[in-house]
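The values are calculated or read from the model by the stated rules, or taken from the named source; none is laboratory data. Note that this is a predicted model, so its numbers are computed, not measured. All Cβ positions, even for glycine, are placed from backbone atoms using ideal geometry, and neighbour counts span all protein chains on display. Just the protein is used for accessible areas: all its heavy atoms, side chains included, with ligands, DNA and RNA removed. Shrake-Rupley method; radii C 1.70, N 1.55, O 1.52, S 1.80 Å.
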Amino acid sequence: MSEPLALSGLPWPVELRTHPRARRLRLALDEPRGLLRLTVPRRVSRGAALDWARRQAAWVEAQLARIEPAEPLVAGARIPFDGAELLLSWDERAPRTPLLTECTLSCGGPSDRFGDRIARWLRDEARRRLVEETRILSARHGINDAPVSVGDAGSRWGSCSVSGAIRYNWRLLLAPPAVRAYVVAHEVAHRLHMNHGPAFHALQAELYDGDIAAARSELRRIGSRLKRVARG
Ligand SMILES: [Zn+2]
């Protein structure tokens, strides 16, 4: 068994286990750990097994949709937010621009566009916070400021381009602050090391004030739920 691998197109990392008596390749969801377990017969190469796993993306999505249905942004819904829960509320007389109070995000305006207004607000808020958190962390460690953007890219929570631009998934706003801070530390560390070598890991540990393994497994555990918010 080795470190779980993130494969493009698959929402959860894949954990390979070679099984001497297995007759065929098999993929199973390990829901509590947020992992896909790939059982590989001895005669099948690692590369062939991973190729096969990549082709199961539609099957995996279908399984996930069954255990965790999409969570559309509708009035009355409760969504994860910054480590807590946020109630989405629509009030005819309220302004169109969403307003965040302690545990409610509310807005008025036409009810049929409610979800769009909330989605736009969440994305803007994610950008605002992630830009700020990246700037503060970089400045504290004397690392040059990076251009930061947010998107909703497949299975990745963050990426850092060769030019140093950082892109995050806006859904990190829905995650607990400590989990988000881990992704920020990871991407800021890539500003100096464009690999996952020992120097990168040392810098990441210096940038993150907490247990990296715990943050990573927490993100893996909650990741699929976060990706179901604002869908459907
Ligand atoms: Zn990385």
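Give the residues of region 87-102 that are over 23 Å from R221 (Cα atoms) and open to solvent by 40 Å² or more (accessible area, probe 1.4 Å), sorted by residue number. Step through it out loud before you land on a result.
Taking region 87-102 and keeping what is over 23 Å from R221 (Cα atoms), we get 88-102.
Within region 87-102, W90, D91, E92, R93, P95, R96, T97, L99, L100, T101, E102 qualify.
Determine which member of the set R220, R228 is under 12 Å from the mean Cα position of the chain (by Cα), touching a residue at least 12 places away in the same chain (Cβ under 8 Å), under 23 Å from R33 (Cα atoms) and within 16 Å of the ligand (Cβ to nearest atom). I'd like the intermediate steps shown before the answer.
Working: R228 fails: within 16 Å of the ligand (Cβ to nearest atom).
Among R220, R228, only R220 is under 12 Å from the mean Cα position of the chain (by Cα), touching a residue at least 12 places away in the same chain (Cβ under 8 Å), under 23 Å from R33 (Cα atoms) and within 16 Å of the ligand (Cβ to nearest atom).
Restricting A53, A65, A70, A84 to those that are crowded, with 16+ Cβ neighbours inside 10 Å and either touching a residue at least 12 places away in the same chain (Cβ under 8 Å) or within 30 Å of R117 (Cβ to Cβ) (or both) reduces the list to A53.
For region 156-169, which positions are open to solvent by less than 10 Å² (accessible area, probe 1.4 Å) and either in contact with a Cys (Cβ under 6 Å, 6 or more places away or on another chain) or more than 14 Å from the ligand (Cβ to nearest atom) (or both)? Matches in region 156-169: I166 only. Of all the residues in region 103-140, those that are closer than 20 Å to R180 by Cβ and surrounded by 18 or more Cβ atoms within 10 Å (Cβ to Cβ) number 12.
Checking each residue in region 126-174 for being closer than 16 Å to V229 by Cβ, touching a residue at least 40 places away in the same chain (Cβ under 8 Å) and touching a helix residue (DSSP H, G or I) at 6+ places or on another chain (Cβ under 6 Å) picks out A126, W157, Y168, W170, R171, L172, L173, L174.
Looking for whichever is part of a helix (DSSP H, G or I) and surrounded by 20 or more Cβ atoms within 10 Å (Cβ to Cβ) here; the options are A202, A181, A185, A213. Which one fits?
Values: A202 fails: surrounded by 20 or more Cβ atoms within 10 Å (Cβ to Cβ); A181 fails: surrounded by 20 or more Cβ atoms within 10 Å (Cβ to Cβ); A213 fails: surrounded by 20 or more Cβ atoms within 10 Å (Cβ to Cβ).
One residue alone meets the criteria, A185.
Test A146 against the stated conditions and say whether it is farther than 26 Å from R78 by Cβ, aliphatic (A, V, I, L, M) and not in a helix (DSSP H, G or I). It is true that A146 is farther than 26 Å from R78 by Cβ, aliphatic (A, V, I, L, M) and not in a helix (DSSP H, G or I).
When the test is whether a residue is within 16 Å of the ligand (Cβ to nearest atom), at pLDDT 95 or above and surrounded by 18 or more Cβ atoms within 10 Å (Cβ to Cβ), V148 passes it.
R37 - would you say it is in a strand (DSSP E or B) and either surrounded by 15 or more Cβ atoms within 10 Å (Cβ to Cβ) or among the aromatic types (F, W, Y) (or both)? Show your work before the answer.
Details: in a strand (DSSP E or B): yes; either surrounded by 15 or more Cβ atoms within 10 Å (Cβ to Cβ) or among the aromatic types (F, W, Y) (or both): yes.
So R37 passes the test.
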